[in-house]
Amino acid sequence: ELEPVAATPAAYAFAVVLGLLWGSFANVCIYRWQAGTSVVKPGSHCSACKTPIKWYDNVPLLSYLWLRGRCRNCKATFSARYLLVEALTGALFGVAWWFTVGPAGMLEAFDLRLLRFAITAAFLFVMIVVTFIDIDTKLILNKVTIPSIVLFYGASLLLPERRWYDGLVGIAIGYGVPWLIGELYYRIRKREGLG
């Protein structure tokens, strides 16, 4: 029974470490999706010397600090944003744990609290990826948003308070309204108004 340990420091540490790991993957998604390349191949490598990064040099947060943000092989510097994205994702996963599984969510059954954490953590991951790609390119990529819409609509059906049409209303408003504004702007001004 895991419920008694859900509000312990070890549980929060688990959530933060999970966030750090997903934050590391978020960095891969951010840089590779905007470049139109695969997040699977090739493996992590230095963009300057192309040397593959060993697993022990790819530990979230710690490796960046240990190597002072440089490649072990060629000493090229890595962006501090790698560190920021990992730390932000770890912190947000910790906060999500508190709101869903920890003391703020204690009035629900434990399995439902874990489900809420999984959905919230997945949403935070997607939002971090979308945000940093948007900062770089001023675009919100359909390859991220459209699968996310499907995923989160399906996930919403697992929550007892949601009805099947609640998510459809959210999709129509959350995606449809900005799309319509952008489309109208393009039709009238003949240039993009929204990314």
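The values are calculated or read from the model by the stated rules, or taken from the named source; none is laboratory data. Computed from a predicted structure; not experimentally measured. Glycine also receives a Cβ, built like all others from the backbone with ideal geometry; neighbour counts cover every protein chain displayed. Keep in mind that these areas ignore ligands, DNA and RNA; they rest on the heavy atoms of the full protein, side chains included. Shrake-Rupley method; radii C 1.70, N 1.55, O 1.52, S 1.80 Å.
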What pairs come up if the first residue lies in the stretch 1-21 and is of a type in the set (D, E, K, R), the second is assigned to a helix (DSSP H, G or I), and their beta carbons are under 9 Å apart, counting only those six or more places apart or on different chains? GLU1/PHE110; GLU3/PHE110; GLU3/ARG113
So if I check each of ARG68, ARG72, which one is in contact with an Asp or Glu (Cβ under 8 Å, 6 or more places away or on another chain) and open to solvent by 70 Å² or more (accessible area, probe 1.4 Å)? ARG72
Going by the structure shown, is THR120 open to solvent by 40 Å² or more (accessible area, probe 1.4 Å) and within 24 Å of VAL16 (Cβ to Cβ)? yes
Taking the condition of being open to solvent by less than 50 Å² (accessible area, probe 1.4 Å), under 26 Å from ASN142 (Cβ atoms) and either polar (S, T, N, Q) or in a helix (DSSP H, G or I) (or both), how many residues in the stretch 20-43 meet it? 8
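Residue by residue, here is whether (1) free of Cβ contacts under 8 Å to residues at least 24 places away in the same chain; (2) open to solvent by 60 Å² or more (accessible area, probe 1.4 Å) holds:
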residue	(1), (2)
LEU114	yes, yes
PHE125	no, no
LEU141	no, no
ILE146	yes, yes
GLY170	yes, no
GLY176	yes, no
With in a helix (DSSP H, G or I) and within 29 Å of ILE140 (Cβ to Cβ) as the only criterion, which of ALA104, ALA87, ALA10 stands out? ALA87
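For (1) under 26 Å from ASP134 (Cα atoms); (2) among the hydroxyl-bearing types (Ser, Thr, Tyr); (3) in contact with a helix residue (DSSP H, G or I) (Cβ under 6 Å, 6 or more places away or on another chain), each residue gets a yes or a no:
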{"position": "ALA13", "(1), (2), (3)": "no, no, no"}
{"position": "VAL17", "(1), (2), (3)": "yes, no, no"}
{"position": "PHE25", "(1), (2), (3)": "yes, no, no"}
{"position": "ALA35", "(1), (2), (3)": "yes, no, no"}
{"position": "PRO60", "(1), (2), (3)": "yes, no, yes"}
{"position": "ARG72", "(1), (2), (3)": "no, no, yes"}
{"position": "MET106", "(1), (2), (3)": "no, no, no"}
Select, from LEU65, LEU92, LEU84, the only residue that is hydrophobic (A, V, I, L, M, F, W, C) and either at positive phi or free of Cβ contacts under 8 Å to residues at least 12 places away in the same chain (or both). LEU84
Would a scan of the stretch 77-84 turn up a residue that is modelled with pLDDT under 95, in contact with a strand residue (DSSP E or B) (Cβ under 9 Å, 6 or more places away or on another chain), under 22 Å from LEU21 (Cβ atoms) and not in a helix (DSSP H, G or I)? yes
Do you know which of the residues in the stretch 85-103 that are at pLDDT below 95 and open to solvent by 70 Å² or more (accessible area, probe 1.4 Å) is nearest to PHE14 (Cα to Cα)? TRP98
